[in-house]
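Student: So that we are looking at the same thing, I have put the structure below in structure tokens.
The values are calculated or read from the model by the stated rules, or taken from the named source; none is laboratory data. What you see is a predicted model; the values in this text were computed from it and never measured. Cβ coordinates were reconstructed from backbone atoms using ideal geometry, including for glycine residues, and neighbour counts include every protein chain displayed. Side chains are part of the model used for accessible areas, which takes the heavy atoms of the whole protein and leaves out ligands, DNA and RNA. Shrake-Rupley method; radii C 1.70, N 1.55, O 1.52, S 1.80 Å.
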Amino acid sequence: MDAPRTLAPERSAQSLPRMGGVLLKLWLCELWVLLPDSGVNMKLLPHEEEVHFINEYVNLHNELRGNVSPGGSNLRFMTWDVALSRTARAWGKKCLREHNPHLEELNMAHPKFNGIGENMWIGPENEFTASIAIRSWYEEKKRYHIENDSCSSDCSNYKQLVWNTSYKVGCAITKCARVENIRYAAVFICNYAPGGSLSRRPYTPGIVCSQCSRYDRCTDFLCSKIKKNNLNKIHNTFYDKKNEVLNTSFSLSH
């Protein structure tokens, strides 16, 4: 007579892969839910001396400045400044919703300029783009009345963004574990030179470039001493010098 067959081990062997698959799916789902709150950085924030980042925010500044309404007769074309961007990063690392108190002090924020301007954006790290931050400052235009130079509420970021005599800009983005009630925050700061006093209209309305100096040319509706086809050379000068140093060091070591 045949011995009775034992079926339990066979059923268990067949069910284990199915149970393992279910448990794996549940674990992955739980991990996906927890990741946004775990502080894992899902995208890398740009470094303040990254060429693409520099070109993005400098070009956007000039685009917005060149398209103010009413048109501006005397706004200057902006170019990047490394010292301003490093000051922005240094202050951003403090993770405070406060303006840098040293911007008015001689040689504290910049080797050449004092009276530096500053705009600040703070929000969730995963929501940051330079465009979102800078355009949010420009949106304050809705609160500003150029006829009598008044604001219905704070519009200081807009006025600095379109301040006619500012022609240098340097920005940096810093991540912070927390800024006030925002966890995993990003602090984006742009510094400007010369900074705006904000005590008058930010620019003189009129025909674009009509009040530029006789030494200026009109570049993208802005007063500029710089030829447009030389801008990339200017933005990349810092990196060219850095690469020369690195290449020289490499050659000497071999």
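Student: With N set to the number of residues, divide the alpha-carbon radius of gyration of the stretch 49-134 by 2.2 N^0.38 Å and report two decimals.
Tutor: 1.19
Student: Please give me the summed charge of the neighbours of ALA185: other residues whose Cβ is under 13 Å from its Cβ, Lys and Arg +1, Asp and Glu -1.
Tutor: Every neighbour counted, the sum reads +3.
Student: Under a 1.4 Å probe, what is the accessible area of the stretch 120-219 per residue, stated in Å²?
Tutor: 47 Å²
Student: Rounded, prolate or oblate for the stretch 95-198? Axes are the square roots of the Cα gyration tensor eigenvalues, ordered a ≥ b ≥ c, and the cut-off for rounded is a/c under 1.5.
Tutor: Here the stretch 95-198 falls in the oblate category.
Student: Applying the Karplus parametrisation 6.51 cos²θ - 1.76 cosθ + 1.60 with θ = phi - 60° to the phi angles of the stretch 90-99, what ³J(HN,Hα) value in whole Hz is obtained for each residue in order, glycine and proline being reported as x?
Tutor: Once θ is set to phi - 60°, the couplings for the stretch 90-99 become 4, 6, x, 5, 6, 6, 10, 8, 9, 7 Hz.
Student: Counting only protein heavy atoms, what percent of the accessible surface of the stretch 90-197 is carbon or sulfur at a 1.4 Å probe?
Tutor: On the stretch 90-197, the fraction of accessible area on carbon and sulfur atoms equals 50 percent.
Student: Something else: Return the long-range amide H neighbours of GLY72 (sequence gap of 5 or more, or a different chain), with a cut-off of under 5 Å between placed amide H atoms.
Tutor: The list, which skips near neighbours in sequence, is GLY206.
Student: Could I have the simple spin-label model distance between GLU180 and LYS112, label points 7 Å from Cα toward Cβ, reported in nm to one decimal?
Tutor: It works out to 3.5 nm between the two label points.
Student: Can I ask one more? Using the Karplus curve 6.51 cos²θ - 1.76 cosθ + 1.60 with θ = phi - 60°, work out ³J(HN,Hα) for each residue of the stretch 50-62 in order, rounded to whole Hz, and write x for Gly and Pro.
Tutor: 7, 4, 4, 5, 4, 4, 4, 7, 5, 4, 5, 4, 5
Student: May I ask you to evaluate 6.51 cos²θ - 1.76 cosθ + 1.60, the Karplus curve with θ = phi - 60°, for each residue of the stretch 195-205 and list the ³J(HN,Hα) values in order in whole Hz, giving x for glycine and proline?
Tutor: Per residue, the Karplus-derived 3J(HN,Hα) values read x, x, 6, 6, 9, 8, 4, x, 7, 9, x Hz.
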